[in-house]
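The values are calculated or read from the model by the stated rules, or taken from the named source; none is laboratory data. Fair warning: this is a prediction, and the values are worked out from it, not measured in the lab. Here the Cβ positions follow ideal geometry from the backbone for every residue, glycine too, while neighbour counts run over all protein chains shown. Note: areas computed on protein heavy atoms with side chains; ligands, DNA, RNA excluded. Shrake-Rupley method; radii C 1.70, N 1.55, O 1.52, S 1.80 Å.
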Amino acid sequence: MSSIIIWTNYENPSGELWAVADSRYTHPDQRIITDNGPKIFELPIICQNPSSRGFFENTYYFNKIGFAFAGSVTAALCIYTNASHILSHLASVEKNVPSIEDINKFLVRIAQSYTLPINNPFEMEFSVFGWCPVRKENKVFYTSIDSKNHVTTDDKSEECKELSLIMGCHKQEIFQKINDALSKETSKTRIPLMVLRNVVSEHEFPEIGGTVQLGININRTFNLFSVLNPFTDENGKSSLQFRNFDLFNDIQKVGNCFINIKGMC
């Protein structure tokens with residue numbers, strides 16, 4: 001299973017959407033599949049209108065929003081990969097742009113197509129979130145699919161301004177840990193990130209592990225970040241991790257290029 005937390009960080013007074021997750025994929029019996037599992041994604045939105053040649057090739061809108069999931073890895077990756085390609089090939093003569101609500105409805109339609117086989121039940125949750133160019137504000141939508149393939153979806157935008165949207169397992173325990181930490185602080189800021197980092201590092205729950213992965217909606221655009229791990233290794237060194245890959249040691253370079261994913265503590 002997983003733990004994913006989405007909230008509004010008010011280090012910037014206007015508020016920015018943050019999302020954090022662990023990186024462990026497990027079987028239903030809690031056996032580990034991998035500790036390098038992606039759970040938060042950038043979802044590109046690209047809209048084009050006709051050029052002088054008559055082809056839809058002039059890009060008039062480009063942005064990235066967030067997509068995160070817990071539960072069925074197969075269904076989630078099918079939803080994401082299909083949506084990612086389709087949403088990066090939108091077109092309109094009138095320069096229309098979809099709202100986050102429009103995109104959520106589209107994702108729900110894709111999700112429902114995977115619920116049709118009656119002999120293929122699965123459970124999952126996902127959220128699509130980010131800056132909405134239509135509403136001119138941050139929006140967060142949450143969708144769940146239960147074991148009977150019933151699909152429900154809700155607008156969690158207002159809730160995420162004050163509370164946190166938590167997906168995955170051990171929701172009540174994670175929620176309580178955030179509340180306990182908040183009782184000692186004046187603002188939420190990075191508390192959910194710190195809470196999940198502690199849960200992962202202390203191995204509190206067998207389904208939650210690996211390392212933390214982070215995405216932030218800054219300047220109305222969603223980006224994934226690497227995370228500086230302050231816990232030193234046996235040589236006394238910290239690490240810069242992306243989905244549990246150490247960017248300095250595990251991957252290092254691609255050809256003669258180094259990896260330039262922005263990092264965050």
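In the context of the full set of protein chains, residues of the chain present 51 Å² of accessible surface per residue (probe radius 1.4 Å, heavy atoms only).
Taking amide H atoms as placed 1.01 Å from N in the peptide plane, the amide H of S226 lies under 5 Å from those of K262, G263, M264, each 5 or more residues away in sequence or on another chain. The 3J(HN,Hα) values that the Karplus relation (6.51, -1.76, 1.60; θ = phi - 60°) gives for segment 139-151 are, in residue order, 10, 9, 10, 10, 10, 10, 10, 8, 5, 9, 6, 7, 10 Hz. Gly and Pro appear as x.
Net charge dipole, segment 103-203: roughly 340 debye, given to the nearest 20, about the Cα centre with Cβ charges of +1 for Lys and Arg and -1 for Asp and Glu. Working note: Karplus 6.51/-1.76/1.60 with θ = phi - 60° gives segment 40-46 the couplings 10, 9, 8, 10, x, 10, 10 Hz, where Gly and Pro are set to x.
Measuring between alpha carbons in the structure, the pairs from K64/K253; K161/K262; K139/K253 lying more than 28 angstrom apart are K139/K253.
Amide H to amide H, with H built 1.01 Å from N, N149 comes under 5 Å of F122, counting only residues 5 or more places away or on other chains. When the solvent-accessible area of the chain is split by element, carbon and sulfur atoms take up 52 percent of it, the probe being 1.4 Å. Taking a Cβ cut-off of under 13 Å around D102, the surrounding Lys, Arg, Asp and Glu residues balance to a net charge of +2, with basic ones at +1 and acidic ones at -1.
Quick one: grab the alpha carbon gyration tensor of segment 131-265, order the square roots of its eigenvalues as a ≥ b ≥ c, and give me rounded if a/c is under 1.5, else prolate or oblate depending on whether a/b is larger than b/c. Prolate is the answer for segment 131-265, as a/c is 1.5 or above and a/b outweighs b/c.
Shape class for segment 71-112, computed from the alpha carbon gyration tensor (a ≥ b ≥ c): prolate, with a/c not under 1.5 and a/b above b/c. Shape of segment 20-134 from its Cα gyration tensor (a ≥ b ≥ c, root eigenvalues): rounded if a/c is under 1.5, otherwise prolate when a/b > b/c, or oblate? Taking the square roots of the gyration eigenvalues as a ≥ b ≥ c, segment 20-134 is prolate.
Taking amide H atoms as placed 1.01 Å from N in the peptide plane, the amide H of N138 lies under 5 Å from those of C132, each 5 or more residues away in sequence or on another chain. Here the Karplus curve 6.51 cos²θ - 1.76 cosθ + 1.60, taken at θ = phi - 60°, turns the phi angles of segment 56-61 into couplings of 7, 9, 8, 7, 10, 8 Hz, with x standing for Gly and Pro. Note on the chain: GNM, Cα springs under 10 Å; of P192, P98, P28, the largest mean-square fluctuation is that of P28.
Of the options (1) 103, 34, 30; (2) 61, 49, 42; (3) 52, 43, 34, only one is Cα extents along the principal axes in Å as computed from these coordinates, and that is (2).
Under a Gaussian network description of the chain, with springs only between Cα atoms under 10 Å, the residue in I40, I145, I208 that fluctuates furthest is I145.
Largest GNM mean-square fluctuation among D250, D154, D146, using the chain with Cα springs under 10 Å: D250. For the pair segment 28-51 and segment 111-174, the centres of their Cα atoms are 14 angstrom apart.
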